[in-house]
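**Q** Submitted below is the structure of interest, expressed as C-alpha cells.
The values are calculated or read from the model by the stated rules, or taken from the named source; none is laboratory data. The model shown is predicted, which means the values in this text are computed figures rather than measured ones. Here the Cβ positions follow ideal geometry from the backbone for every residue, glycine too, while neighbour counts run over all protein chains shown.
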Amino acid sequence: MKLSDNQVKAVEEQTGLQPIPEDNPAMDQLKENFGDHTFYVDDRGLYILETPQEDNQETQATAVQVAQWTDENRNALQAHEPTATDAVFSLQPQGDGAESANGAANDQGNSQ
C-alpha cells in the first residue's frame, strides 16, 4: 500500500525508519517488481506495509518482507514470496491520540 504523509509520520514515530524516497534511482525498479508501495529497508531486507483486508479504516498495518539482502554487505536484494512479519504498526500519528498497535514493534531495525 502507498502510505499518506501522516501514515509515514506514524510509522517513523514508532520505528525511527523513513521510507525509501520517491526520487531514489531504484524506485522505478521497485515499483515494477512489487507495485506502487511505500518501501522500507532495514538490516534484514525490503518491506512494504499492508493492512488486514477486514480493516477498511487502515488504522493498522503489518510489515511484509518482500526481499532480503544477498550478503552481509547489503549491496543487493533478492526478491522472495511476501512474508508477513509480526510487526504491526498504528497508521495514525501519536499526536492524533492514537496508541501504537505494538510499541515494541521496532524490531525491524534502524538502518537504511
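**Q** Can you work out which of the residues in region 12-36 that are touching a residue at least 24 places away in the same chain (Cβ under 8 Å) and either more than 26 Å from E72 (Cβ to Cβ) or of a type in the set (D, E, K, R) (or both) is surrounded by the most Cβ atoms within 10 Å (Cβ to Cβ)?
**A** Filtering first and then ranking leaves Q14.
**Q** Is it true that Q29 is farther than 23 Å from Q14 by Cβ and assigned to a helix (DSSP H, G or I)?
**A** Spelling it out, Q29 is indeed farther than 23 Å from Q14 by Cβ and assigned to a helix (DSSP H, G or I).
**Q** Please work out if V64 is part of a strand (DSSP E or B), modelled with pLDDT of 95 or more and under 20 Å from S4 (Cβ atoms).
**A** yes
**Q** Which condition number does L46 fail, the rest of (1) more than 17 Å from P93 (Cα to Cα); (2) in contact with a Pro (Cβ under 7 Å, 6 or more places away or on another chain); (3) in contact (Cβ under 8 Å) with a residue 24 or more places away in the chain; (4) hydrophobic (A, V, I, L, M, F, W, C) being met?
**A** Going through (1) more than 17 Å from P93 (Cα to Cα); (2) in contact with a Pro (Cβ under 7 Å, 6 or more places away or on another chain); (3) in contact (Cβ under 8 Å) with a residue 24 or more places away in the chain; (4) hydrophobic (A, V, I, L, M, F, W, C) one by one, L46 breaks only (2).
**Q** Sort out which residues of region 36-61 are modelled with pLDDT under 95 and on the phi > 0 side of the Ramachandran plot, and write them in order of number.
**A** Answer for region 36-61, where residues must be modelled with pLDDT under 95 and on the phi > 0 side of the Ramachandran plot: just E58.
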